[in-house]
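Structure first, then comments.
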Amino acid sequence: MHALLVEDDDRMAHALSTALARRGHTVRRVGRALDALLHAHEAEFVLLDLGLPDLDGIQLLRRLRAVCAAPLIVVTARCEERDIVQGLRAGADDYVVKPFRMAELIARIDTVRRRSDPAAHEAREARQARGDRERLGDREDGSAVVRRGDVDIDLAGRTVTVAGAEVALTRREFDVLAHLAARPDQVHAREEILDRVWGDVLLAASRSLDVHVAGIRSKTGRAELVRTVRGFGYQLGRVDSRTGSRTDSRLP
Ligand code: CA
């Protein structure tokens, strides 16, 4: 596949280009944000350093996201939680902090690429990848829709509706929710969710799990849809459709 590598440091760029080429990828390396925007259309995936000479990386990330849907991994020395959250919210699929192990970065690239296939193909792949063990979409009543109060989670169609209106979750927010919904009676460990949805259990990704859960809660307006099990993980929660979201209903 064709990678766009946005990195102003020559040594880092050389190391990354070599590793990517070894994996069979072709690489266009650019050192400036404006060149990244020029070549974004040709990228099949993007590696983005945030510390660039001509534009802040988060600003570049937002502008890239407007013109380019390819999977994008931020590779940066910025390791504050606030930076990571900002990067993920701006549209990064993953976030890797320097210094990193090359094998780990390559594994993360494989994961985001796998997950960026078109929706129909992805639904099929997700079912296969997560295995027959979970029997996703093979529920007892033959349907792949999980209902909680007025929330319908269609696992095969990859849609979520609240009171009949579709909610636009990101690909990964849906993956997290689908993982919980596929086995609604179980409590799922953080590590298990990170492993199944992100492809690893490493610490950098574990922060993004919380961001994604927050996104699911706020976009559906049903905070109780995902139940936090303190110190362990998450479970699909119960939603009372008579009251709906407690935050916007004013009961006497
Ligand atoms: Ca830099």
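Can you sort 104, 7 by how many other beta carbons sit within 10 Å, fewest first?
Numbers: 104 13, 7 23.
Taking fewest neighbouring Cβ atoms as first place, the list is 104, 7.
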Return the Rg/Rh value of the stretch 2-115, two decimal places, where both radii are evaluated on C-alpha atoms and Rh is the Kirkwood radius.
-> 0.91
Which shape class applies to the stretch 10-58: rounded if a/c is under 1.5, otherwise prolate when a/b exceeds b/c and oblate if not, where a ≥ b ≥ c are the square roots of the Cα gyration tensor eigenvalues?
-> oblate
Burial order of peptide ranges 9-18, 52-61 (average beta-carbon count within 10 Å, highest first) = 52-61, 9-18
Surrounding charge for residue 74, neighbours by C-beta under 10 angstrom, Lys/Arg +1, Asp/Glu -1, total -3
Could you give the length gained on full extension between residue 210 and residue 161, defined as 0.36 nm per residue of separation minus the Cα-Cα distance, in nm?
-> 15.5 nm
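Rule-based calculations on the coordinates, nothing more; no lab input. Small disclaimer: the values here were computed from a predicted structure and weren't measured. Every residue, glycine among them, receives a Cβ derived from its backbone with ideal geometry; neighbour counts consider all protein chains shown.
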